[in-house]
Amino acid sequence: MTLYTSTIRLPRQRSHAWKRLGESTLFAIGFPFLLLVIWAAWSTAAPATFFPSPVIIAQAFVDTWIGPAFVTDVLPSLGRLALGIILSIVIGITAGTLIGLVRWLRELLEPLLEFFRAIPPPVLIPVAMLLLGITDTMKVVVIVAGAVWPVLLNTIEGVRSTDSVMTETARSFAITRAERLRYLVLPAASPRIMAGVRQTLSVALILMVISEMFASSSGLGYRITYFQRNYLIAEMWSGIVLLGLIGVLLAAVFSIVEKRVLRWYHGIKEVERA
Amino acid sequence: MAPSSTRAVRTTRKLALGTAGIVGFLLAWQLIPALGIISPQYLPYATDTLARLGEEFRDLEFWRNVGRTMLAWFLGLMIASVAATALGTIIGLVPFLRRATHTTVEFLRPIPSVALIPLAILIYGIQLQAALVIIVFASFWQMFVQVLYGVADVDAVARDTARSFALSRSERVRYLILPTALPYLMTGLRLAASVALILAVTAEMVISNPGLGRMIVHSQSASDWVGVYALVIVTGLLGLAVNLGFRLIERRSLSWHQSVRGEIVL
Amino acid sequence: MRETLLQVEHLKKVYESSTGNVEAIGDISFSMSAGELVCIVGPSGCGKTTLLKCIAGLLRSTGGTVELDGKRVTGPPPNMALVFQEYGRSLYPWLTVRGNVELPLKHKKLSRVERDQLIDDALEAVGLEQAAKSYPWQLSGGMQQRVAIARAVAYQPEVLIMDEPFAAVDAQTRADLEDLVRRLHLERGMSILFVTHDIDESVYLGERVIVLSKSPTWVQEDLTIDLAPERDQITTRALPRFTELRTHVYEQVQRAKRGQAVRPAA
């Protein structure tokens, strides 16, 4: 009897699971697909100069970026971006922890930090060009100068607001300074630090593009501007798409890392919600 | 010791240290070119820069440029926040739309707004509209995501309560969803305001529509370095004003809500 | 007579605040011998937590001395362990149960084997061998408090201080945890200073009960609990002597609340 029912039920469940999977895939790609179709139809029906059809852009994407341009323009840009992001995070967390832990230092620097983070980062490009010339260093410095703030300020705030009972626990068990940093202060601040890192990533990408639009003869930002000035519309669009892909990739990598680092944090949130 | 002395001492100390920080920074700035660590040609004296700042403040054309930048900022922020609130509320409230647009949002949001600059220039040329495209695109997402979170954050118990008392749809929006989403909305507005200012100045630098950003680029090409440094400070002060202003608005409008929101980190 | 472990003499604590100075602790003196289980009760707001923090070296007293093992307490002493009421905030959510118990042992000079043995032993003592790999927030409140107790046990302190540890758990869990504390005391000879606002709990657990007055606090009564060391939730609580002691302490606390008790001239 049981055998009978189970043989009946099994395929049904499977088809149900498949149906669900199919449904979520449909939801995931349905709307973007619809948009693309509308765009394609529109650009064929009423050809507009500045909105070539997605097919043409895809063709231009392959022609433009797959080949030598990848080595001469894309890779150097990505290298500077990566270096800028890593430096921002390292500097931001190190300085932020120090400032967050030492009260007089925090009170000394607070007004200055408030001011510096309020400066729109791209205006630093002329200054950096003057001091460092049009070099790779200059571009990385611009990226760091703009992207360090979210991590820095979030780290300060996170370190500062370590829970009082947790701190007292550490003190009562005579936990050493280094251990306190490693097992209490940094983990406690990690949700805020990660929130800062997320912003840092997008600011860094913006500054990478801007610094190349301004002062460069290679790189992604330079290429896109070049295409625009020469009315290579499809190529320009392919550059926009590439930047979009880089942004999406960064966001995806971030969310994977964030899920790992903050597993405990998301766990708590889930428990609280249940 | 007087009762309130410790707190007073603490505030005075904070003020004194903060002032010391600013004075120390200005002093270092003055000393670096004076001692020849960096040539005064590249890093003008703090006093010269501040003097220039004073001159600019008496110049009408400077204030016109500030006005142009702030107009672009204001229009961009307005368009973005109205659009984001409307779309965010509708999409956030309808589960079907939320699911259908999820991937599209996740793909569009990380696109760096500055990537659209060439397109904006092609379509609108060197005009305010081109700058607005960039400003709106950048600040829209800041608001939109917050509104989505806010509308979705309605407490399950509160919602069940509302349902059990048979509140109508408009009543639910008015008394349940709006108050829940409001803190998120204000946070989104604060973030969007500072992003919009950054992009307003950036657009002027790259697109060359008139404003502070273009002034900086002009000073740079005229090798007027004192002017560049002075204008960088001006943009910093504007940014500071925007940040402080919106933080104040956020705190004012949510004074009743702080305890609820205190722990949430987005 | 067992040797004196903890000696508190003329302890005084005054908080300074903007609204005026608050004398939380007036003058507290008592002593505790090695291997004793002493309970401290008092009306709510009588400065129990303040007293504990002074004893634990987390708070500086305004006057008087605390001596542990003949040494004056100025900072947190290494041979003392604390269990807080707020288990959710005293356990680190990013560490597993095992990690939490292990943390205070890291800087003790122990071999890997010895350390593991201490941890296993402590987890076994509180009945949490199976949960070692879980995270604290995956456990119930009572189990989380067990983790905090295991951490203190593994630390091998000379005195264990517990600050209303069971105030936030449900009644049944509470009974289990009380028996756990009794067992640790009997089987391992641990010296425990247990602060509670629950009169029944203090009589059931303690060998001595110290009744505090309302703030500014002094010791209103130091009562020896002459119940057999082997105690049981059902039979012990049903004893006439238990009821007598309970009633006595209850009356004392009521007097303390009303401020009827007269402080003896120092």
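A straight chain from A:Arg103 to A:Val248 at 0.36 nm per residue would run longer than the Cα-Cα distance by 48.3 nm.
If you place +1 on the Cβ of every Lys and Arg, -1 on the Cβ of every Asp and Glu, and leave all else neutral, what size is the dipole of the stretch A:58-142 about its Cα centre, to the nearest 20 Debye?
Numbers: 5 positive and 6 negative charges, 42 e Å.
Here the stretch A:58-142 has a charge dipole of around 200 debye.
For the listed peptides B:199-211, C:28-40, C:242-254, a ranking on the average number of other beta carbons within 10 Å per residue, highest first, reads B:199-211, C:28-40, C:242-254. Dividing the mean sequence gap of close Cα pairs (under 8 Å, 6+ apart) by how many residues the stretch C:92-156 holds gives a relative contact order of 50 percent. For chain B, adding -39500 (n - 2.57) for each run of n ≥ 4 DSSP H residues and dividing by the number of residues yields -26500 deg cm²/dmol at 222 nm.
Please give the helix B:178-207 orientation as an angle from the longest Cα principal axis of chain B, in degrees from 0 to 90, rounded to the nearest 10. Tilt of helix B:178-207: around 30 degrees.
How tilted is helix B:225-253 with respect to the longest principal axis of chain B? Cα atoms for both, answer in degrees (0 to 90, nearest 10). With both axes taken from Cα atoms, the answer is about 30 degrees.
As an exercise, use a Förster radius of 35 Å and the Cβ-Cβ distance of C:Glu23 and C:Thr243 to find the FRET efficiency, rounded to the nearest 0.05. Present the calculation step by step, with values, prior to reporting the outcome.
Values: r = 35 Å, r/R0 = 1.01.
Once rounded, the FRET efficiency stands at 0.50.
Per-residue ellipticity at 222 nm computed for chain A from its helices equals -28000 deg cm²/dmol, with DSSP H segments shorter than 4 residues left out and the rest contributing -39,500 (n - 2.57).
For the stretch C:156-266, the Cα gyration tensor yields ellipsoid semi-axes of 24, 17, 14 Å (square root of five times each eigenvalue, largest first, whole Å).
Report Rg(Cα)/(2.2 N^0.38 Å) for the stretch B:45-261, keeping two decimals.
That ratio works out to 1.23.
Put simply, when B:109-118, C:220-229 are sorted by average Cβ atoms within 10 angstrom per residue, most first, you get B:109-118, C:220-229.
Mean Kyte-Doolittle hydropathy of 1.0 or higher plus an axial Cα length of 27 Å or more: which whole DSSP H helices in chain A meet both?
In chain A, the long hydrophobic H runs are A:75-101, A:136-160, A:186-214, A:233-261.
Averaged over the residues of B:207-219, the number of partner chain Cβ atoms lying within 10 Å of the residue Cβ comes to 1. About its Cα centre, the dipole of chain B is roughly 900 debye, where the only charges are +1 on Lys and Arg Cβ and -1 on Asp and Glu Cβ.
Show that you can apply the helix-only estimate: for chain C, add -39,500 (n - 2.57) for every DSSP H stretch of four or more residues, divide by all residues, and state [θ] at 222 nm to the nearest 500.
About -10500 deg cm²/dmol.
Mean per-residue shielding of peptide B:37-47 is 1, counting Cβ atoms of other chains within 10 Å of each Cβ. Each residue of the protein assembly as shown gets 260 Å³ once the volume of the Cα convex hull is shared out per residue. Note on B:Val23/C:Arg188: beta-carbon distance plugged into 1/(1 + (r/R0)^6) with R0 of 56 Å gives a FRET efficiency of 0.40. Computed 3J(HN,Hα) for the stretch B:143-158, one whole-Hz value per residue from the Karplus formula 6.51 cos²θ - 1.76 cosθ + 1.60 where θ = phi - 60°, is 5, 3, 5, 5, 5, 4, 4, x, 5, 7, 7, 3, 4, 4, 5, 4, glycine and proline marked x.
3J(HN,Hα) along the stretch C:177-182, derived from phi through the Karplus expression 6.51 cos²θ - 1.76 cosθ + 1.60 where θ = phi - 60°, amounts to 5, 4, 5, 4, 5, 4 Hz, with x in place of Gly and Pro. Computed across the stretch C:92-156, the Kirkwood hydrodynamic radius from all distinct Cα-Cα pairs reaches 11.4 Å. Legend: mean number of C-beta atoms from other chains within 10 angstrom of residue C-beta atoms, peptide A:260-271, equals 3. The alpha-carbon of C:Lys53 sits under 30 angstrom from the alpha-carbons of these lysines, leaving out residues fewer than 8 places away in its chain: B:Lys14, C:Lys12, C:Lys13, C:Lys71, C:Lys106, C:Lys108, C:Lys109, C:Lys214, C:Lys257. The orientation-averaged projection of the convex hull spanning the C-alpha atoms of the stretch A:28-118 amounts to 10.9 square nanometres. Annotation note: trypsin sites (Lys or Arg not before Pro) in the stretch C:75-184 located in DSSP loop regions with a Cβ neighbour count of at most 11 within 10 Å are C:Lys109, C:Lys133.
Note on A:Val37/B:Gln41: beta-carbon distance plugged into 1/(1 + (r/R0)^6) with R0 of 41 Å gives a FRET efficiency of 0.10. Label sites at C:Glu230 and C:Ser111, each approximated as a point 7 angstrom past Cα along Cα to Cβ, lie 3.9 nm apart. For chymotrypsin sites (Phe, Trp or Tyr not before Pro), the sites in the stretch B:1-85 that DSSP calls loop and that have at most 13 other Cβ atoms within 10 Å are B:Tyr42. Calculated on the Cα set of chain A, radius of gyration then Dmax: 25.0, 85 Å.
We did not get these values from a lab; they are worked out from the coordinates using the rules stated. On a predicted model such as this, the values are computed, not experimentally measured, just so you know. Don't worry about glycine lacking a Cβ; one is built from the backbone with ideal geometry, like all the others, and counts go over all protein chains shown.
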